[in-house]
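Colleague: Would you mind keeping the following structure in view while I ask a few things?
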Amino acid sequence: MKPLRLRRLSAQVALVPTWIIVIFAYIGTILWTIRISFTSSGILPKYDFVGFKQYDRLFQSSRWTISVENLAIFGLIFVIGCLVLGFLMAVFLDQRIKGEGIFRTIFLYPYAMSFIVTGLVWAWILNPTLGIQQAVQNWGWHGFTFDWLSRGDRAIYLVGFAGMWQSAGLVMAILLAGLRGVDEDIWKAARVDGIPPWRVYLSIVIPMLSSMFVTAVVLLAIAVVKVYDIVVAMTGGGPGISTEVPAKFVIDYLFNRQNIALATAAASVMFVAVLVVLGPWLYNQYFRQDRRAS
Amino acid sequence: MTAETQPRGRKPRRLTASRIGIYAFLVFAAAFFLLPFYVMIVTSFKTMPEIQQGNIFGLPTDFTLKPWSTAWAHACTGVNCEGIRVGVLNSFEIMIPAATLSILLGAINGYALSFWRPRGGNLIFAVLLLGAFIPYQVYLYPLVRMLSKVSLYNTLPGIITVHVIFGLPVMTLLFRNYYVAVPVDLFKAARIDGGGFWTIFFQLMIPMSGPILVVAAILQVTGIWNDFLFGLIFAGRDHLPMTVELNNIVNTTTGTKAYNVNMAATILTALVPLIVYFVSGRWFVRGIAAGAVKG
Amino acid sequence: MQAHKGRHALGIAASLALGLAAAQAQAAEKAEVIHWWTSGGEHAAVKEFEKAFDAQGGKWVDAAVAGGGGDSARADGINRIIGGNPPAAMQFNTGKQFDELVSNGLLRNLDPLAKEYGWKDKINPVLLNAVSQDGHMYAVPVDIHSNIWLWYSPELLKKAGVEPPKTWDDLFTDLDALKKQGVIPLAQAGSAWTQALTFFNVMIGEGGKDLYMKVLKDRDVAAVKSPEFLKVAQTFGKLRDYVDSGMQGRQWNQATALVINDKAGFNFMGDWAKGEMELQNKVPGKDVGCIPALGHNTYWVGGDVFVFPKLNDKAEIKAQDLLAKVLLEPKVQLAFNEKKGAVPVLKDVPSQDMDQCAQQGLALLKKGDYVPSSDILISPDMSGSITDLVASFFTDKSQTPENFVNRFAQIIGG
Amino acid sequence: MEPSVSVRDLRISYGALDVIDNLQLDITPGEFLVLLGPSGCGKSTLLNAIAGLIDISDGEVWISGKNVTWDEPKDRGIGMVFQSYALYPQMSVEKNLSFGLRVARHSKKDIAERVSRAAEILQIEPLLKRRPSNLSGGQRQRVAIGRALVRDADVFLFDEPLSNLDAKLRVDLRVEIKRLHQRLRSTMIYVTHDQIEALTLADRIAVMHGGEIQQLDEPLTIYNRPCNMFVAGFIGSPAMNFFDGRLVAGQDGPIFEGQGFATGLAGYDGNGPLPVNRDVILGVRPEHVLFDRDAAGQPAEVEAVVELEEPMGADSLVWLTYGEAKLSVRCASGKRYRPGDRVPIAFDITRASIFDTQSEKRL
């Protein structure tokens, strides 16, 4: 038998590719990105130092402001919509329903599809000239208008709505698993106590599922921060720039607007924001020892 | 209490209002979720003149298969009119090696981190964990430059590498969580039987990783197939995956918009993940739960 | 790509049959060209380049990248240049888009070729200036485009009982009349850059050449805050009332097609719209009316250029040389620009075969009633910011012209 | 006296499968009744049916003189304690106790009184502010009992309440439940598969098997006079020794003839005169096998071979083989036996049971 140290060595060797990825693709890229954000680079990286100039510009840029606002609107509609709809679906599916499997399959299938597909389909359905609006008018309601997709002040709501269609099933699946994990005796105890079902959900089950809700919210929040594909497919950021989002801001400035310093500044802001929000959660979830023990 | 109301036996089941409400909600929700799919399908079988009339929800009156053949083989992206089929092949070429490699690497990581506790393991874990949540935009530019340096930018190996890099966090977490649940005594027994790092991995761990391998495969296959951003930036013109090709077809400036062709192409693009979804059934749900990176 | 290979194989076979030396055929000079000419008319035009290049022993490898008014194609090309895998040639708009590539020494200096073929005397000076830095030529201009045309459907105007507009007030009268007729008064595309075009139309047409130059060239904030510029913003804002809800998701050529097919009254678009007309066998200036910069008739000198990244491979450099030469051959220029709807960059190209709109443009050019395109005057970055501002203003009626002016001033001043 | 709980003609079926068929059960007020049986015997189903937590297919359930067959659980005047405690995890102990009362809109004063009384009875006052996750298993179960207590129920139902606890706690809490019953004097129905619990707690035990009540009687009766072989085999640890044999006529009445031995049945406490010429099974509990010195000189003394001995402190368990048969014997500890020792054994017939081979019923 080889000595222990030698055996540990093969574990270290096995992790070499991962180390390379961690050092270069994760840590290295992040540092590099932050570095560039403090320069005046255009198309090509330049390694001067201009302080927070790009950040200044970023926060004065209306497009960035709009992007952040849109992200907030999208995020609210998407997260709250998914949670409410997903929770309702999970609860109703949990009522000893006939055909539960079919319903569950239907509710979750959009999640298998990409945001690109989701965006294209809804862009078509909501198409202001040939979509729902025209169909309803053809049914006889001639005054009906539903042209939010072409209205700068409304289009982002529809993007959030389409996102909700794609991801609500995810929440349903997570919460349904949680509901199935609720001790049957709790329900019995509540019935003996004479607590009406809605009250059981509200006062007992929802608090019991809080970690599931947190998981769902985190998953949805990640999707929100990364949101890009669905905007590209559904509106392309339009009408005008009314549905731009930060991720698209970065890509556009990186690859089209030829200002990588501003783009990396925007990316760094996204990075810091995510770090601030997620850091505590991650620490709580994975590294706090007492929690794992109990 | 009179004799006729004397309760006995099964409590009479009334179809209560709440019961009706539940089913009404479920049916309504199902309709909402199915509607886009229905619209995609009917649109793809309509002719353009029919579509112009604006009955988006109507069944095709003038049934045609042409949009499908056009979408498959003739739809134009820019000046190339070769349809979505190019993208299908590209997507497979990207997805198969990328999924295989990232799963393998994730399994090795999970195994090494959970049983061998190598030096710096916590650091790897923390970075990967964080990496799973950080917006990709942070990595993009330096990665473009790095890949260019090693001549991988805009190549097939390049896009595969990118998928492996960004698939690693979730795959590592997945396998780590799975192996953490394996009784450590089993591992100790294998050590006493003289198994080394790789022997234990291939002969003990992999054979008992069946369920998690399936879950990982589902996650990676659908995830990589559905990717748009990386394909757009790293794949290069000759290897654009199907999602990018689809977006190009739909948003190409050539001629008028052929909504029927677009929808046929859209369905074709969604087909692979949908098949995975319907075939894998409950496994898909497990994948979601596992992909939820629970502690 | 399959089709191209096939055609090329035929080309080789033909040259062999003509008894040319085998060696010459083998030296088929492959050149990959990135461009974003993907609409019908543009595609037909670029085929002219391909035909001419292949006929002279080259092999055109087409790398068209659709979308975003060239954004995607430029991104692709720039990444490849920076990444060390440059194409042989790559399209840009005339202007500052490739300045940084030049200053980083990534592009070929074309002075030797210019000298050999005498380009410096033949090319329109505005353009020559735009493709040169420190007196060295770094790109080959291939066309002159004027982005600021107003296209209209004479038939619809007749039906509505109104005349083609001479002033902006006329235009609004016409638009109102069209609205009453139940047709789309103004066909507008959804993409931000098309809305920016419309804005520049108003800025030059309503505000005039001087205002335009003061704002974009001199970055004169006072000019932005002037009543004239406010008028521009107000006029531009008024246009928001005449677009239809189908705007979102519509591409520029689909908007143009609405006018060509008499479904909409007006459309602001560059002269490349003529390509779409030719595809449908409509005559620009006759079947579809054209007005350069309504109000102060002015020509906008912009266009497309090709740059040639520095390469190592000798054969590829030879291909670049050949391509550059072909692009500026008078015959090729004429054929290309006819299809493209633009004006040739060479001064001595005969103009009598050109359509009415192009003639009109050439006349303005000769008179000196022209301005350099915004791409020549401002950086892509600033241009992007203006596009953003314009687009968000145009698609959100709650934004006031005053607000617009203030934010515009910030961009120009900052 | 009117029964406190009465189950009449109860049938519970899932689809075509009858889990319980035509079951009758009357429980007198203040009685502690234990439903005992192996898992799957229907005891929990019966309890849930009494509680109204599952739908019954036929029959009636009466509680305190009221037909509650169609009543909701909360209206039946019951309190229930579950195996998994079923505490509401996000609520403090106090909230857990009072939640049902609050939903039923009891007055604050009333709630406070009831909670403090229950807390006092169960001695959980110091725990009131804690969350269930910060309690030990025993404490949790106390709280669960408290939740039943505050309901001021006429009938308490316990569904295997101790089986999630470790052995020592189980004994402690068992005693406490017994005390509680003595203090409250309410009717209690207690489901368990643990016979010690059943024997120690119950006023009467209902041994269930296959959805039927096999025997309903006082614990000692069940132990000493099991009505059939199932009950005999289920109760007692180690299990009763069984010997196949036959009843034949002898000089002083019937004689049991086993394989290789015979024993007279004088003093057998039967249900009536024993038949003869019938195949029967003789059942003798380990402690009723007379062994070694005790057996010496008894009729039917035979020699068995020691296989192994398990000293248990207070007594010892000796496993013997006798021909083909194996049997266990409980004897006073003291002398050690080695494998292979040959020792005489005999049976204490006065405390043995004889079962009909056919019907398995006690004769």
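The values are calculated or read from the model by the stated rules, or taken from the named source; none is laboratory data. Since the model is a prediction, treat every value here as computed from it, not as a measurement. Because the Cβ atoms are built from the backbone with ideal geometry, glycine has one as well, and the counts that use them run over all protein chains shown. Quick note on the areas: whole protein, heavy atoms, side chains included, nothing else; ligands and nucleic acids left out. Shrake-Rupley method; radii C 1.70, N 1.55, O 1.52, S 1.80 Å.
Colleague: Using Cα atoms only, what is the angle between the long axis of helix C:40-55 and the major principal axis of chain C, expressed in degrees (0 to 90) to the nearest 10?
Modeller: 20 degrees
Colleague: Let me ask something else about it. Taking only complete DSSP H runs, can you tell me which helices of chain B stretch 27 Å or more along their own long axis by Cα positions and average at least 0.5 on the Kyte-Doolittle scale? Provide the component values of the computation, followed by the final result.
Modeller: Details: long enough: B:17-44 (40 Å, 1.82); B:85-111 (39 Å, 1.12); B:156-180 (34 Å, 1.35); B:259-280 (31 Å, 1.54).
Qualifying helices, which must be both long enough and hydrophobic enough, are B:17-44, B:85-111, B:156-180, B:259-280.
Colleague: Hey, another quick one. Using a cut-off of 20 Å between alpha-carbon atoms, which lysines can reach residue B:257, once sequence neighbours fewer than 8 places away in the same chain are excluded?
Modeller: Residue B:257 reaches B:46, B:66, C:263, C:274.
Colleague: Below 8 Å between Cα atoms, with a sequence gap of 6+, how large is the relative contact order for chain B in percent? Don't skip to the answer; put the middle values down first.
Modeller: Details: 313 pairs, mean separation 83.4, N = 295.
Relative contact order, chain B: 28 percent.
Colleague: Keeping all protein chains in place, calculate the accessible area per residue for segment D:218-350 (probe 1.4 angstrom), answer in Å². It would help to have the intermediate numbers written out before the result.
Modeller: On the way: 6620 Å² over 133 residues.
Counting only protein heavy atoms, the per-residue value for segment D:218-350 is 50 Å².
Colleague: Further question: Using modelled backbone amide H atoms (1.01 Å from N, in-plane), which distant-in-sequence or interchain residues come within less than 5 Å of residue C:30's amide H?
Modeller: C:59
Colleague: Taking amide hydrogens as modeled 1.01 Å from N in the peptide plane, which residues meet the under 5 Å criterion relative to residue D:79, leaving out close sequence neighbours?
Modeller: Amide H to amide H, under 5 Å and 5 or more residues apart or across chains, residue D:79 pairs with D:155, D:156, D:157.
Colleague: Using the crude model of +1 on Lys and Arg Cβ and -1 on Asp and Glu Cβ, and no other charge, please compute the dipole size for segment D:41-117 relative to its Cα centre, in debye to 20. Spell out each step's value before the answer.
Modeller: Numbers: 11 positive and 9 negative charges, 102 e Å.
Roughly 480 debye for segment D:41-117.
Colleague: By per-residue mean of other Cβ atoms within 10 Å, what is the highest-first order of B:200-206, A:163-169, D:228-234? All intermediate terms of the calculation are to be shown ahead of the outcome.
Modeller: Details: B:200-206: 17.1, A:163-169: 26.0, D:228-234: 21.4.
Most protected by this proxy first, the peptides run A:163-169, D:228-234, B:200-206.
Colleague: Next question, about the same structure. Charges only on Cβ, +1 for Lys and Arg, -1 for Asp and Glu: so what's the dipole of chain C about the Cα centre, in debye to the nearest 20? Can you show the working numbers first?
Modeller: Numbers: 43 positive and 49 negative charges, 49 e Å.
So the dipole magnitude of chain C works out to roughly 240 debye.
Colleague: Now for a separate question. Membrane-span-like helices in chain D: DSSP H runs reaching 15 Å or more (Cα, own axis), mean Kyte hydropathy at least -0.5?
Modeller: Working: long enough: D:93-103 (16 Å, 0.20); D:108-122 (21 Å, -0.38); D:137-149 (18 Å, -0.43); D:167-184 (26 Å, -0.53).
Length and hydropathy pass: D:93-103, D:108-122, D:137-149.
Colleague: So which cysteines of the protein assembly as shown have no other cysteine's Cβ under 4.7 Å from theirs?
Modeller: Lacking a cysteine Cβ partner under 4.7 Å: A:82, D:41, D:227, D:331.
Colleague: Separate question: Out of the GluC sites (Glu not before Pro) in segment C:73-155, which ones are loop residues according to DSSP with at most 12 other C-beta atoms within 10 Å?
Modeller: Values: sites: C:100, C:116, C:155; in loops: none.
Those that pass, being in a loop and sparsely packed, number zero.
Colleague: Anyone know which of A:54, A:133, A:95 comes out most mobile in the 10 Å Cα GNM of chain A?
Modeller: Looking only at A:54, A:133, A:95, the largest GNM fluctuation is found for A:95.
Colleague: Non-local amide H neighbours of residue D:228 (under 5 Å, H modeled in plane, Pro and chain starts lacking H): which ones?
Modeller: For residue D:228, whose amide H was placed from the backbone, the distant partners under 5 Å are D:362.
Colleague: How crowded by other chains is A:139-152, given as the mean number of beta carbons from other chains within 10 Å of each beta carbon?
Modeller: Numbers: counts 2, 0, 0, 0, 0, 0, 1, 1, 5, 2, 6, 10, 5, 11.
Partner Cβ neighbours, averaged per residue: 3.
Colleague: Mind checking the angle between helix C:168-181 and chain C's longest principal axis? C-alpha axes, 0 to 90 degrees, to the nearest 10.
Modeller: 80 degrees
Colleague: A further question follows. Between chains C and A, what is the buried accessible area summed over both chains (1.4 Å probe, protein heavy atoms, nearest 100 Å²)? Provide the component values of the computation, followed by the final result.
Modeller: Working: alone 17450 and 17610 Å², together 32800 Å².
Heavy-atom accessible area buried at this interface is about 2300 Å².
Colleague: Related question: Would you report the distance distribution of C-alpha pairs in segment D:213-363 as whole percents per 10 angstrom bin, up to the bin with the largest distance?
Modeller: 11, 42, 34, 12, 1
Colleague: Across peptide B:113-124, how many C-beta atoms of other chains are within 10 Å of each residue C-beta, on average? Please list the in-between numbers first.
Modeller: Values: counts 3, 0, 1, 7, 2, 9, 4, 4, 4, 2, 3, 7.
Across B:113-124, the average partner-chain Cβ count within 10 Å equals 4.
Colleague: Dimensions of the protein assembly as shown along principal axes (Cα, Å, largest first)?
Modeller: In descending order, the Cα extents are 146, 81, 60 Å.
Colleague: Summarise the partner chain shielding of A:102-109 as one whole number: the mean count of Cβ atoms from other chains within 10 Å of each residue's Cβ.
Modeller: On the way: counts 2, 6, 3, 6, 8, 6, 5, 9.
The per-residue average across the peptide is 6.
Colleague: Here's another thing I want to ask about it. Decide, for chain A, between rounded, prolate and oblate: order the square roots of the alpha carbon gyration tensor eigenvalues as a ≥ b ≥ c, take rounded if a/c falls under 1.5, and otherwise choose prolate if a/b is larger than b/c, else oblate.
Modeller: On the way: a/c = 2.20, a/b = 1.10, b/c = 2.01.
Verdict is oblate for chain A.
Colleague: Please go through segment D:265-353 and write out the GluC sites (Glu not before Pro) that DSSP classes as loop and that have at most 15 other C-beta atoms within 10 Å.
Modeller: Numbers: sites: D:287, D:301, D:303, D:307, D:309, D:324; in loops: D:301, D:324.
Those satisfying the criteria are D:301, D:324.
Colleague: Rounded, prolate or oblate: pick one for chain B, where a ≥ b ≥ c are the square roots of the eigenvalues of its C-alpha gyration tensor, a/c under 1.5 means rounded, and failing that, prolate if a/b is larger than b/c, else oblate.
Modeller: Values: a/c = 2.72, a/b = 1.09, b/c = 2.49.
In terms of gyration-tensor shape, oblate.
Colleague: Also, I was wondering about something else. May I ask for the angle, rounded to the nearest 10°, between helix C:71-82 and the longest principal axis of chain C, with both axes built from Cα atoms and the value confined to 0 to 90°?
Modeller: Compared with the principal axis, the helix lies near 40 degrees.
Colleague: Averaged per residue, what accessible surface does chain C expose to a 1.4 Å probe, in Å²?
Modeller: Numbers: 15500 Å² over 414 residues.
Normalised by residue count, the accessible surface of chain C is 37 Å².
Colleague: List the residues of segment B:134-155 for which accessible area in the full set of protein chains is at least 50 Å² lower than for the chain on its own; 1.4 Å probe, protein heavy atoms only.
Modeller: B:134, B:135, B:137, B:138, B:139, B:141, B:142, B:145, B:146, B:153
Colleague: For residue C:225, give me every one of the lysines with a C-alpha distance below 23 angstrom, ignoring sequence neighbours fewer than eight places off in its own chain.
Modeller: C:209, C:214, C:217, C:238, C:397
Colleague: Turning to a different aspect of this structure: Using each residue's phi in segment C:119-131, evaluate 6.51 cos²θ - 1.76 cosθ + 1.60 at θ = phi - 60° and report the 3J(HN,Hα) Karplus result to the nearest Hz, with x for Gly and Pro.
Modeller: Couplings: 4, 4, 8, 8, 7, 3, x, 4, 6, 4, 4, 5, 9 Hz.
Colleague: Relative to the Cα centre, what is the charge dipole magnitude of the protein assembly as shown, using +1 at the beta carbon of each Lys and Arg, -1 at the beta carbon of each Asp and Glu, and rounding to the nearest 20 debye? It would help to have the intermediate numbers written out before the result.
Modeller: Values: 130 positive and 123 negative charges, 430 e Å.
Computed about the Cα centre, the dipole is about 2060 debye.
Colleague: Follow-up question, since we're still on this one. May I ask you to give the percent of accessible area on segment D:5-234 that is carbon plus sulfur, with a probe radius of 1.4 Å?
Modeller: Working: 4330 of 9130 Å².
That share works out to 47 percent.
Colleague: Could you tell me what percent of the accessible area of segment B:17-64 is made up of carbon and sulfur, with a 1.4 Å probe and every protein chain present? Could the numbers behind the result be given before it?
Modeller: Values: 1750 of 2350 Å².
Within segment B:17-64, the accessible surface is 74 percent carbon and sulfur.
Colleague: State the answer as a single residue: which of D:334, D:308, D:255 lies farthest towards the positive end of the charge dipole of segment D:241-356, with beta carbon charges of +1 for Lys and Arg and -1 for Asp and Glu, about the Cα centre.
Modeller: Checked the options; the winner is D:334.
Colleague: Please identify every one of the trypsin sites (Lys or Arg not before Pro) in segment D:280-363 that sits in a loop by DSSP and has no more than 16 other beta carbons within 10 Å of its own beta carbon. Walk me through the numbers before you get to the answer.
Modeller: Details: sites: D:293, D:326, D:330, D:335, D:336, D:342, D:351, D:361, D:362; in loops: D:293, D:335, D:336.
Those that pass, being in a loop and sparsely packed, are D:293, D:335, D:336.
Colleague: Mind checking which helices in chain A clear 18 Å along their axis (Cα) and have mean Kyte-Doolittle hydropathy of 0.0 or more, DSSP H runs only? If you can, show how the numbers build up before the last one.
Modeller: Working: long enough: A:62-93 (45 Å, 1.90); A:100-112 (19 Å, 0.53); A:155-180 (38 Å, 1.52); A:210-225 (22 Å, 2.56); A:260-282 (31 Å, 2.25).
Helices passing the filter in chain A: A:62-93, A:100-112, A:155-180, A:210-225, A:260-282.
Colleague: Continuing with the same structure: Once a ≥ b ≥ c are taken as the square roots of the eigenvalues of the Cα gyration tensor of chain D, is the result rounded (a/c under 1.5), prolate (a/b larger than b/c) or oblate (a/b not larger than b/c)? Provide the component values of the computation, followed by the final result.
Modeller: Numbers: a/c = 3.05, a/b = 1.85, b/c = 1.65.
Here chain D falls in the prolate category.
Colleague: Mean separation of Cα pairs under 8 Å and 6+ residues apart, divided by the residue count of chain D: what relative contact order is that in percent?
Modeller: Numbers: 756 pairs, mean separation 55.5, N = 363.
Relative contact order, chain D: 15 percent.
Colleague: OK, next. HN-Hα J couplings of segment C:363-369 from phi, Karplus 6.51/-1.76/1.60, θ = phi - 60°, integer Hz, Gly and Pro as x?
Modeller: Each residue of segment C:363-369 in turn: 4, 4, 4, 5, 5, x, 7 Hz.
Colleague: Just the number please: accessible area per residue for segment A:62-293, 1.4 Å probe, all protein chains included, in Å².
Modeller: 33 Å²
Colleague: Among B:141, B:111, B:38, which one shows the highest mean-square fluctuation when chain B is modelled as a Gaussian network with alpha-carbon springs under 10 Å?
Modeller: Answer for the Gaussian network model of chain B: B:141.
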